[in-house]
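Trainee: Mind looking over this structure? Questions follow.
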């Protein structure tokens, strides 16, 4: 992983401006079973955020019981004891009604959940208790909010912008539902990124050196917890003209895709769970059926997951559970052959998504350069065996199957944010559910349809559909169509094929306003856009006309104004004075009259102009599938989740306060048995501390077990006050030797500096009179006084016992060091500013000539020193001589 990060750094350039310290973005690879969080923050290119257990991924499990909410591993633990109170595999329930095949499958797998219909929105609700119901969006929002908290704790700053991965088969309804869940979690979604594209981007970042202008095709086989996705992508360098010149960038394009949304590790785990349950019933240790006990089935589900993972690397393993049912233990051996026999039809389905991806791409298998394994499900040996039979080539296992999508998505997040600059990497995803527009052609003309986005069309992009035969208001409907490439099961899993109906209003009024021989109706133009998240929307609708006008008809206020401005600018040239010449003036006048006669004789030719007239229309949307949360529902859900967040904060504060109090009591009790601490407290004070700690400890395990956070914090503050003198004395005695040593070293260094500085006075060296005798003596006096003070204070401190009040404290020693340091720094700075005096050479007169005498007061060495000083100050216009003569330390310091 460290190698991968080192390779990725050139792609990610951080901290563009001075505000970068407040910027960070994240990605959430939100799967059915796990969620992984990636972050990018200033100074940290890309990394996985660790949860409180210091693990790189967290179970996507949420438990709610007795007003206590747990997420992750703690929620898994609750789910074993109280299965109905812990929710998992929630991604499968987004955007579906009560009769959806996936909902029916979910209910059969986990019968302890009570799922009811939401009549208002047409979706489902999970009944938590008699009065509390949760929609899938609300439950997923809490998981996303936890992911946000983990990211912020790792980045140590607030984070709001995020890229979230989604399965490739998520339809319009499911994508919009996930966006609303993110809204409830207070997350700004930069993009919903298909997980196969996130994986491909992560792969491409580390393989750009292999890119060239020829497309290379790579197949990614991704088997996760719930589903299997097979994508075929092309990787190459392309030339793009941007900012006025052509640049070459790496590009990844999805050219083929196949999937099976129920072919995943969960199906294997469910089959193994049921197999173990049958084995337990077969031994007849109890008359009760294990299938009827929800808690026992939850235990078996967990054990089945553990055994499944171990069988991927071992030929056999024992499944064992203590007290499975009626206090009866369970232990049975499971071999890999047994496991594979349970899922024979499962493994036979591995080939289908591969064939579907190849068919949609139109690329033959021999042109695939590599097949890369992704997802935990690919670790099952039988899956690899079946896949290799289909692709007939070695399988690449060089990708981090757990984190590839997370790292690709966080790279995209950095690209989309405004605080980071990344190397451009073009990504083009593709449509797998073709969309058509259905409309009425008019009276007795039947129903018309037009393909909007066909199979494997790239997005994001915009498309415009023109309806040229409508003169009155009409409706259009967006539907899924041309789904022949999908099996009947997958078409059923897609849900409702009718998505949205738009009533176009104002058509008749626009037509009536634009009638005439010079106006041509160009129809009603409806523009649709599919954004980076794969969500389709109607972006614009208007009636379009072409109108033919002449220059005279078209001359309006603006053209007249332009003519007037033109005349104003040409007036200076027209009124320029010229030399008068009567003969020339007469010739010009004759030519002008002839030209006017010719113009009057010929008819003026007028060329018509064609202008576009656009009349905006109104589009009223009617959702034909699951309704989105409205404003009031969002507000209610936000309040519900905020209440849970506050409870979490209170519980966290209480747990932290309780933990701090317990830790402090135990710590003090243990330390009082150590000589270092016991010697620093009077016997009577020691007894008080021991008594207070014992009373607090007893209270914690009796009456204080249910106390609130404030009570714990108050008791901790009281204990800290009681023990403050003890801890201060221990600190002083442990740190004083080092502080004394530091002061003595400073005194020694200051003494050497003082001795050397005496040679830089006027009395000792007239040519280097840096210091005055007063300054040297001031330093000498300070050194002497400090030495005498230190000896005296050490002697007084040594007379005291450790439990007495300290005389020589670390702070006093630090103050003495600061005082000495200040005096020495003053002298050092003065030496830095000192410049040698310039010696004037005497001038003598000889035979009426002026002649300079060589200086007799300087030596060659001094001349060189003076030359060096002048060379150092070369370029200075004036030389200021600094000779401070402060009479006191205060004047001296203020002058500096």
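Trainee: Could you tell me which numbered condition residue 363 fails, if it satisfies all but one of (1) crowded, with 18+ Cβ neighbours inside 10 Å; (2) over 20 Å from residue 399 (Cβ atoms); (3) touching a helix residue (DSSP H, G or I) at 6+ places or on another chain (Cβ under 7 Å)?
Mentor: (3)
Trainee: Checking the condition loosely packed, with under 14 Cβ neighbours inside 10 Å and not assigned by TED's automatic domain parsing to the domain that holds residue 812, which residue from 717, 692, 709 passes? Break it down into steps so the answer makes sense when it comes.
Mentor: Values: 692 fails: loosely packed, with under 14 Cβ neighbours inside 10 Å; 709 fails: loosely packed, with under 14 Cβ neighbours inside 10 Å.
Going through 717, 692, 709 in turn, just one is loosely packed, with under 14 Cβ neighbours inside 10 Å and not assigned by TED's automatic domain parsing to the domain that holds residue 812: 717.
Trainee: If you check residue 179 against the conditions, is it touching a strand residue (DSSP E or B) at 6+ places or on another chain (Cβ under 7 Å) and part of a helix (DSSP H, G or I)?
Mentor: Details: touching a strand residue (DSSP E or B) at 6+ places or on another chain (Cβ under 7 Å): yes; part of a helix (DSSP H, G or I): yes.
Yes: the conditions hold for residue 179.
Trainee: Output the residue which, of all residues in segment 806-865 that are part of a helix (DSSP H, G or I) and at pLDDT below 50, is nearest to residue 766 (Cα to Cα).
Mentor: Checking each candidate, the answer is 862.
Trainee: Working only within segment 690-716, note down all residues that are farther than 16 Å from residue 667 by Cβ and within 41 Å of the chain's Cα centre (by Cα). Working first, answer last.
Mentor: Taking segment 690-716 as the starting set, the residues that turn out to be farther than 16 Å from residue 667 by Cβ are 691, 695, 698-699, 701-711, 713-714.
Residues satisfying the conditions are 705, 706, 707, 708, 709, 710, 711, 713, 714.
Residue by residue, here is whether (1) closer than 17 Å to residue 228 by Cα; (2) in the same structural domain as residue 226 (by TED's automatic domain parsing); (3) in contact with a helix residue (DSSP H, G or I) (Cβ under 6 Å, 6 or more places away or on another chain); (4) assigned to a loop (DSSP other than H, G, I, E, B) holds:
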residue	(1), (2), (3), (4)
384	yes, yes, no, no
387	yes, yes, no, no
424	no, yes, no, yes
438	no, no, no, no
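Trainee: While we're here: Which members of segment 99-120 meet the condition of being out of contact with any helix residue (DSSP H, G or I) (no Cβ under 9 Å at 6 or more places or on another chain), part of a loop (DSSP other than H, G, I, E, B) and either more than 19 Å from residue 180 (Cβ to Cβ) or in the same structural domain as residue 302 (by TED's automatic domain parsing) (or both)?
Mentor: Passing the criteria: only 99.
Trainee: Between a first residue in segment 525-540 that is outside the structural domain of residue 177 (by TED's automatic domain parsing) and crowded, with 16+ Cβ neighbours inside 10 Å and a second residue that is part of a loop (DSSP other than H, G, I, E, B) and modelled with pLDDT of 95 or more, which pairs have beta carbons less than 8 Å apart while being 6 or more apart in sequence or on different chains?
Mentor: Final answer for the pair search is 530/431; 534/170; 534/431.
Trainee: Moving on to the next point. Being touching a helix residue (DSSP H, G or I) at 6+ places or on another chain (Cβ under 7 Å), closer than 30 Å to residue 666 by Cα and surrounded by 17 or more Cβ atoms within 10 Å (Cβ to Cβ) is the requirement here; does residue 729 meet it? Can you show your working first?
Mentor: Numbers: touching a helix residue (DSSP H, G or I) at 6+ places or on another chain (Cβ under 7 Å): no; closer than 30 Å to residue 666 by Cα: yes; surrounded by 17 or more Cβ atoms within 10 Å (Cβ to Cβ): yes.
Judged against the criteria, residue 729 is not a match.
Trainee: Would you say residue 529 is on the phi > 0 side of the Ramachandran plot and in a strand (DSSP E or B)?
Mentor: On the way: on the phi > 0 side of the Ramachandran plot: no; in a strand (DSSP E or B): yes.
So residue 529 does not fit the description; no.
Trainee: Right, here's the next one. Within the bounds of segment 736-743, is there any residue that is closer than 21 Å to residue 828 by Cα and not assigned by TED's automatic domain parsing to the domain that holds residue 671?
Mentor: For segment 736-743, residues closer than 21 Å to residue 828 by Cα and not assigned by TED's automatic domain parsing to the domain that holds residue 671: present.
Trainee: Need pairs with beta-carbon distance below 6 Å; first residue farther than 19 Å from residue 172 by Cα and within segment 626-637, second assigned to a helix (DSSP H, G or I); sequence gap 6+ or separate chains.
Mentor: Within 6 Å, the pairs are 637/138; 637/184.
Trainee: Say we look at segment 34-52 and pick out the residues that are assigned to a loop (DSSP other than H, G, I, E, B) and out of contact with any strand residue (DSSP E or B) (no Cβ under 7 Å at 6 or more places or on another chain); which of these is modelled with the lowest pLDDT?
Mentor: Within segment 34-52, the subset assigned to a loop (DSSP other than H, G, I, E, B) is 42-43, 49-52.
Then keep just the ones that are out of contact with any strand residue (DSSP E or B) (no Cβ under 7 Å at 6 or more places or on another chain); that gives 42-43, 50, 52.
On the way: 42: 85, 43: 78, 50: 95, 52: 91.
Among those that are assigned to a loop (DSSP other than H, G, I, E, B) and out of contact with any strand residue (DSSP E or B) (no Cβ under 7 Å at 6 or more places or on another chain), it is 43.
Trainee: Same structure, new question: Tell me which residues, restricted to segment 486-504, are out of contact with any helix residue (DSSP H, G or I) (no Cβ under 8 Å at 6 or more places or on another chain), over 18 Å from residue 455 (Cα atoms) and exposed (fewer than 15 other Cβ atoms within 10 Å of the Cβ).
Mentor: Result: 503, single match.
Trainee: Here is a further query. Hey, among the residues in segment 62-81 that are in contact (Cβ under 8 Å) with a residue 60 or more places away in the chain and surrounded by 17 or more Cβ atoms within 10 Å (Cβ to Cβ), which one's farthest from the chain's Cα centre (by Cα)? Show your work before the answer.
Mentor: Of the residues in segment 62-81, the ones in contact (Cβ under 8 Å) with a residue 60 or more places away in the chain are 62, 64, 67-69, 71-72, 76, 79-81.
Now restrict to residues that are surrounded by 17 or more Cβ atoms within 10 Å (Cβ to Cβ): 62, 64, 69, 71-72, 76, 79.
Details: 62: 22, 64: 27, 69: 25, 71: 20, 72: 20, 76: 26, 79: 30 Å.
Applying the filter and picking the extreme gives 79.
Trainee: In segment 261-296, what count of residues is obtained for those that are outside any loop (DSSP other than H, G, I, E, B) and in contact with a helix residue (DSSP H, G or I) (Cβ under 7 Å, 6 or more places away or on another chain)? Steps first, please.
Mentor: Initial filter on segment 261-296 (outside any loop (DSSP other than H, G, I, E, B)): 265-283, 290-292, 294-296.
Imposing the further condition that a residue be in contact with a helix residue (DSSP H, G or I) (Cβ under 7 Å, 6 or more places away or on another chain) reduces the set to 265, 267-273, 275-277, 280-281, 290-291, 294-296.
The total comes to 18.
Trainee: Mind listing whichever residues of segment 671-684 are surrounded by 11 or more Cβ atoms within 10 Å (Cβ to Cβ) and assigned to a helix (DSSP H, G or I)?
Mentor: 671, 676, 677, 678, listed by residue number.
Trainee: Failed condition for residue 331, given (1) touching a strand residue (DSSP E or B) at 6+ places or on another chain (Cβ under 7 Å); (2) in the same structural domain as residue 390 (by TED's automatic domain parsing); (3) loosely packed, with under 14 Cβ neighbours inside 10 Å, with all others met?
Mentor: Failing condition for residue 331: (2).
Trainee: I'm trying to understand the selection: among the residues of segment 818-832, which are touching a helix residue (DSSP H, G or I) at 6+ places or on another chain (Cβ under 8 Å), over 15 Å from residue 772 (Cα atoms) and surrounded by fewer than 17 Cβ atoms within 10 Å (Cβ to Cβ)?
Mentor: 819, 821, 822
Trainee: Moving to a separate point now. Going through 478, 483 one at a time, which residue ends up being within 43 Å of the chain's Cα centre (by Cα), outside any loop (DSSP other than H, G, I, E, B) and either outside the structural domain of residue 355 (by TED's automatic domain parsing) or surrounded by fewer than 14 Cβ atoms within 10 Å (Cβ to Cβ) (or both)? Write out each step before concluding.
Mentor: Numbers: 483 fails: outside any loop (DSSP other than H, G, I, E, B).
Sole residue among the options that is within 43 Å of the chain's Cα centre (by Cα), outside any loop (DSSP other than H, G, I, E, B) and either outside the structural domain of residue 355 (by TED's automatic domain parsing) or surrounded by fewer than 14 Cβ atoms within 10 Å (Cβ to Cβ) (or both): 478.
Trainee: When you check residue 263 against the structure, is it in contact with a strand residue (DSSP E or B) (Cβ under 9 Å, 6 or more places away or on another chain) and either under 29 Å from residue 114 (Cβ atoms) or in contact (Cβ under 8 Å) with a residue 60 or more places away in the chain (or both), yes or no? I'd like the intermediate steps shown before the answer.
Mentor: On the way: in contact with a strand residue (DSSP E or B) (Cβ under 9 Å, 6 or more places away or on another chain): yes; either under 29 Å from residue 114 (Cβ atoms) or in contact (Cβ under 8 Å) with a residue 60 or more places away in the chain (or both): yes.
It is true that residue 263 is in contact with a strand residue (DSSP E or B) (Cβ under 9 Å, 6 or more places away or on another chain) and either under 29 Å from residue 114 (Cβ atoms) or in contact (Cβ under 8 Å) with a residue 60 or more places away in the chain (or both).
Trainee: Among the residues in segment 82-93, are any touching a helix residue (DSSP H, G or I) at 6+ places or on another chain (Cβ under 8 Å), over 19 Å from residue 270 (Cα atoms) and assigned to a strand (DSSP E or B)?
Mentor: Within segment 82-93 (the criterion being touching a helix residue (DSSP H, G or I) at 6+ places or on another chain (Cβ under 8 Å), over 19 Å from residue 270 (Cα atoms) and assigned to a strand (DSSP E or B)), the answer is no, since none of the residues qualifies.
Trainee: Working only within segment 779-798, note down all residues that are under 28 Å from residue 834 (Cα atoms) and in contact with a helix residue (DSSP H, G or I) (Cβ under 7 Å, 6 or more places away or on another chain). Step through it out loud before you land on a result.
Mentor: The initial filter retains those residues of segment 779-798 that are under 28 Å from residue 834 (Cα atoms), namely 779-784.
Of everything in segment 779-798, those that are under 28 Å from residue 834 (Cα atoms) and in contact with a helix residue (DSSP H, G or I) (Cβ under 7 Å, 6 or more places away or on another chain) turn out to be 779, 780, 782, 783.
Trainee: Among residues belonging to segment 202-256 that are without any contact (Cβ under 8 Å) to a residue 40 or more places away in the chain, more than 30 Å from residue 380 (Cβ to Cβ) and surrounded by 12 or more Cβ atoms within 10 Å (Cβ to Cβ), point out the one that is farthest from the chain's Cα centre (by Cα).
Mentor: That would be 215.
The values are calculated or read from the model by the stated rules, or taken from the named source; none is laboratory data. All figures in this text were calculated on a predicted structure; none of them were measured in a lab. With ideal geometry, Cβ positions are generated from the backbone for all residues, glycine too; neighbour counts draw on all protein chains shown.
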